[in-house]
Every structure is written in structure tokens, then in C-alpha cells.
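Enquirer: Sharing a structure, written as C-alpha cells. Questions coming.
The values are calculated or read from the model by the stated rules, or taken from the named source; none is laboratory data. All figures in this text were calculated on a predicted structure; none of them were measured in a lab. So basically every Cβ, Gly included, is an ideal-geometry build from the backbone, and we count neighbours across all protein chains shown. Just the protein is used for accessible areas: all its heavy atoms, side chains included, with ligands, DNA and RNA removed. Shrake-Rupley method; radii C 1.70, N 1.55, O 1.52, S 1.80 Å.
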Amino acid sequence: MTEFLATGQLPDEYQQLAKTVADFAKNVVAPVAAEHDANHTFPYEVVSGMADMGLFGLPFPEEYGGMGGDYFALCLALEELGKVDQSVAITLEAGVSLGAMPIYRFGNEEQKQEWLPQLTSGKSLAAFGLTEPGAGSDAGGTKTTAKFDSGEWIINGNKQFITNSGTDITKLVTVTAVTGTKDGKKEISTILVPTSTPGFTAEPAYNKVGWNASDTHPLTFSDVRVPEENLLGERGRGYANFLRILDEGRIAIAALSVGAAQGCVDESVKYAKEREAFGRPIGHNQAIAFKIARMEARAHTARTAYYDAAARMLSGKPFKKQAAIAKLVASEAAMDNARDATQIHGGYGFMNEYTVARHYRDSKILEIGEGTTEVQLMLIAREAGL
Ligand SMILES: Cc1cc2nc3c(=O)[nH]c(=O)nc-3n(C[C@H](O)[C@H](O)[C@H](O)COP(=O)(O)OP(=O)(O)OC[C@H]3O[C@@H](n4cnc5c(N)ncnc54)[C@H](O)[C@@H]3O)c2cc1C
């Protein structure tokens, strides 16, 4: 994709992928999006379609059942899905970047062989449990514990707001837990918990403002016992490892947000040409045309920001600041565009079956999940030396 930065043109294989996912979004996702949103149902048939297309394996090597692509390919797919249905896009994003990626990045060969083929094929989903009732932005406030006893980790605690954690195909939750103290500080490690383990419970799903077709639960761990081998990565490296996962994940969330922002532009252009008021299409008023021009500018700027962050990541350069900038501007572009698109649609924009109404409810979480707007600003300020 670095070729793109030099020529302004995406290589053919990326263009082809984007087109294939765009067709799938239009023909398979869009027709059922409003219904799943209204009924708060998980779109199993859509997830199965994404699995058949290999989307859950996009950035993983073929030896683990992946498609042999890269993280930018995943971002392009998320952008196309995000235009049409953010619930479906976040299901893919969380399944890949929070579910499978920690195992690919930090797992040993045995863990990779056991988990990756089922996750990259999309037959199973994994979730990542970091957030707790008292520890979100301040994730170091983790209270969940994992005590080592006779060759087993015994896990106790609660996680909250965990995506993909309670579906019929969720087989694994990776959790951060305090495994002791080192130099007077909490030692946080990451542990793999198969969802069939006694003592693990996915509590009833949340009633959310948006992302209604995405699966989100609080989790309870009561004397959950898993073998010593389920430690993921080095003991005590849990905090550092999840920071790396979140840095990457922010580029993916930025791509999804750009999709939402662009989806709002596309719907608004269509509507502004069709809808007539005072004897002419509303788009003939500059007040409307300029609003749409500003929306297009936001989507374009945010897309450039995530392309840049992805290019740096893929070429092995530091990308923390660029990922935070991309997440910041893209999530704000999505929210701002959703508000403007709803305004352009007038009363119809307030009706749930309209795509822009869904974007209006769905986009707010983009400014909160995988690091709030304030957390991105903290990271950018820190990188600037403040
Ligand atoms: C639908 C959904 C899905 C999610 N999926 C997952 C998941 O799969 N896995 C997972 O682990 N988590 C998940 N989350 C949790 C999400 O990442 C957290 O909600 C988010 O990180 C914020 O944490 P918090 O809710 O505890 O808010 P808090 O951290 O309590 O923040 C509250 C407010 O205070 C601000 N704030 C906090 N500290 C500062 C500071 N130092 N300076 C300035 N402002 C500050 C925040 O920006 C925010 O505005 C999900 C959340 C939702 C709603």
C-alpha cells in the first residue's frame, strides 16, 4: 500500500478486495441491517457470509488458515462494511484485531495452532476482555486476579462491555488479570479462557444506544481454572501487549469510522438530489451543498490519516501518534457527518429504518471505544513532548 502514497492509486488487489466487500455490503448486509438493528439480533448469516469470503483471515498467513493479506486489507474491508452497517463492521474488527490478533502476535506455536485456524476461518469468535467496571481508560486499574496454584490459573473478577463475548460461536475470551506484584507494582498478564470453562459467565447482553446487532456483554469469572499453558505471552507483559493491540486497533476503528462518514455523504448526496422543497431539489441550496462538501472533506481527510498510519505500521515505523490521530479525526468525522446527514434528511432522518438514523446512533461509540477521544489527545500530546 506504500505504492498508494507514492502514486495516489491503490494497487489492483486492494481495489478488487474493496469492490468485492462493497458488493457484499450492498447485496447481503444492507437488506437485513435495519431488521437486526430493530430486533437487537446478532447477524449470524452475515457473519457466516463474511467467513466464507475469508474476511476473518485477511491479515493472517495461510499457514494459520489466513488469506495472506495485511492489516491495510482488513481496514479497506472495514471501511466498506462501515458505510452500510457499523454493527457488522465492529463484529469483524473485534473478531480479527481483538480476538485473533493477540494470539498471532504473542502466542506460542501450540496456542496459534489450536486457536488461529478456527478464528481466521470465522467458524469461531474470540473476544478481548480488558475493560472492567472500575478500569476503562485507566486500564492499569484492573482488579481481576489470576492466582497460580498447582499448575493452574484461578481467575476471579468482572469485565464489562466486551464485544463478541456471548455469541453461539464465541469460543474464547482473552483477559487481562493481576498475577502478582513486581517492584511494588501490579503485575498484569494475559490469559486465554475458553468460554466452556466452569465459572465463566457471559451475563445478559447490554441494551445499547447503537451497534444493536453487535454482541456486547458483562463477564463474570468465579474461580475459573485454566492450565498454566493458557498464559498468553510473557507473564507480566499483559499491559504492554494490549497497548500494542490497541495501537493497531485504532487504525482499524479509524477505517470503520471513515466508512461511516462516507456512508453519510453518499446517502446525503442521493437524498439532496431526490428531495424537493420550494419547487426544487434541496441540494440546489448552497446551505445543503456546502454541508455535504464539508462532510466529504472530513471523510477524505480522515481516510488520508488512516492510510498514513497503516503505511507506517506496515513499513515497521513507529505509528502510535499517527494511529491516535487517525482514530481521533475519523471518529469525529463519523459523528459530525452523521449529525449533518440526519439534518439533511429532515424528519425522515429521525426514523430508525433510515441508514443515516442508524449512523447517528452508532457513531457516538466510535469516539469512546478502543480509547476515548480524550485518551487519543493524551497520546498525541505525550508524543509532542507534553
Ligand atoms: C459497545 C462497546 C463495546 C466495547 N468493546 C470492548 C471490548 O471488546 N473489550 C474491552 O476491553 N472493552 C470494550 N469496550 C470498553 C471501552 O473500550 C471503554 O468503554 C472505553 O475505553 C472507556 O472506558 P470507560 O467506559 O471506563 O470510561 P472512563 O475511562 O471512566 O472515562 C469516562 C470519561 O472520562 C474521560 N477521562 C478518563 N481519564 C481521563 C483523563 N486522564 N483526562 C481526561 N479525560 C479523561 C474519558 O475520556 C471519558 O470521557 C466497549 C465499550 C462499548 C460501549
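Enquirer: Using only the Cα atoms of the chain, what do you get for the radius of gyration and for Dmax, in Å?
Expert: Rg then Dmax for the chain, in Å: 20.9, 79.
Enquirer: Using amide H atoms built in the peptide plane, which far-off residues or other-chain residues are under 5 Å from residue 211 H to H?
Expert: When sequence neighbours closer than 5 places are left aside, the close amide H contacts are 362.
Enquirer: Relative contact order, percent, of the chain when contacts are C-alpha pairs under 8 Å separated by at least 6 residues? If you can, show how the numbers build up before the last one.
Expert: On the way: 746 pairs, mean separation 61.4, N = 386.
Once divided by the residue count of the chain, the mean separation gives 16 percent.
Enquirer: Mean separation of Cα pairs under 8 Å and 6+ residues apart, divided by the residue count of region 1-157: what relative contact order is that in percent?
Expert: Working: 182 pairs, mean separation 29.9, N = 157.
It comes to 19 percent, rounded to a whole number.
Enquirer: Taking θ = phi - 60°, what integer Hz values does the Karplus form 6.51 cos²θ - 1.76 cosθ + 1.60 yield along region 157-173, in sequence order, with x for Gly and Pro?
Expert: Residue by residue, region 157-173 yields x, 9, 10, 9, 6, 9, 6, 6, 8, x, 7, 5, 10, 6, 10, 8, 10 Hz.
Enquirer: Would you list, by chain and number, the aspartates and glutamates whose Cα falls below 16 Å from the Cα of residue 83, excluding same-chain residues fewer than 8 positions away?
Expert: Excluding near neighbours in sequence, the set is 23, 37, 93, 266, 267, 296, 332, 336, 340, 353, 362.
Enquirer: Taking H as built 1.01 Å from N, whose amide H comes closer than 5 Å to the amide H of residue 58, not counting residues under 5 places away?
Expert: Amide H neighbours of residue 58: 67.
Enquirer: Leaving out ligands, DNA and RNA, and with a 1.4 Å probe, what % of the accessible surface on region 211-315 is carbon or sulfur?
Expert: The value for region 211-315 is 51 percent carbon and sulfur by accessible area.
Enquirer: Decide, for region 126-236, between rounded, prolate and oblate: order the square roots of the alpha carbon gyration tensor eigenvalues as a ≥ b ≥ c, take rounded if a/c falls under 1.5, and otherwise choose prolate if a/b is larger than b/c, else oblate.
Expert: It is oblate, given that a/c is not under 1.5 and a/b is not larger than b/c.
Enquirer: In addition: Each residue of region 199-211 in order: what ³J(HN,Hα) in whole Hz does its phi give by Karplus 6.51 cos²θ - 1.76 cosθ + 1.60, θ = phi - 60°, with x for Gly and Pro?
Expert: In residue order, the calculated couplings are x, 8, 9, 8, 6, x, 4, 6, 9, 9, 6, x, 6 Hz.
Enquirer: What helices does the chain hold that run 30 Å or longer along their axis, going by alpha-carbon atoms, with a Kyte-Doolittle average of 0.0 or more, using DSSP H for the helix calls?
Expert: Helices meeting the criterion: 238-274.
Enquirer: Once you list every other residue whose beta carbon is under 11 Å from the beta carbon of residue 65, what net charge do they have if Lys and Arg are +1 and Asp and Glu are -1?
Expert: Taking every Cβ under 11 Å from that of residue 65, the sum is 0.
Enquirer: Can I ask one more? What accessible area per residue, rounded to a whole number of Å², is obtained for region 126-236 using a probe radius of 1.4 Å?
Expert: Normalised by residue count, the accessible surface of region 126-236 is 44 Å².
Enquirer: Please sort 218-230, 57-69 by packing, taking for each peptide the average over its residues of neighbouring beta carbons within 10 angstrom, highest first.
Expert: Highest-to-lowest ranking by the protection proxy: 57-69, 218-230.
Enquirer: In addition: Just want to confirm a number: the relative contact order over region 39-111, from Cα pairs under 8 angstrom separated by 6+ residues, in percent.
Expert: It comes to 20 percent, rounded to a whole number.
Enquirer: Right, here's the next one. By a straight-distance test (C-alpha under 13 Å), which aspartates and glutamates pair with residue 320 as possible cross-link partners, with residues fewer than eight away in the same chain excluded?
Expert: Within reach: 247, 248, 308, 383.
Enquirer: Now, a different point. Taking amide H positions as placed 1.01 Å from N in the peptide plane, with prolines and chain starts having none, which residues 5 or more places from residue 195, or on another chain, fall under 5 Å of its amide H?
Expert: 172, 173
Enquirer: Show me 13-20, 44-51 ranked by packing, highest mean number of other Cβ atoms within 10 Å first.
Expert: 44-51, 13-20
Enquirer: A further question on this structure: Checking the a/c ratio against 1.5 first, then a/b against b/c, what shape does the Cα gyration tensor give for region 2-124?
Expert: oblate
Enquirer: What's the center-to-center distance, using Cα atoms, between region 275-333 and region 85-105 in Å?
Expert: That distance is 23 Å.
Enquirer: So, for region 238-299, what is the accessible surface per residue at a probe of 1.4 Å, expressed in square angstrom?
Expert: Per-residue value: 45 Å².
Enquirer: Another question about this same structure. Would you mind checking the pairs 159/186; 143/182; 208/291; 208/364; 112/321; 143/208 and listing those with alpha carbons more than 22 angstrom apart?
Expert: 208/291; 112/321; 143/208
Enquirer: Viscosity 1.567 mPa s, temperature 4 °C: Stokes-Einstein D of region 240-383 from its Kirkwood Cα radius, in µm² per second?
Expert: For these conditions, the coefficient is 83 µm²/s.
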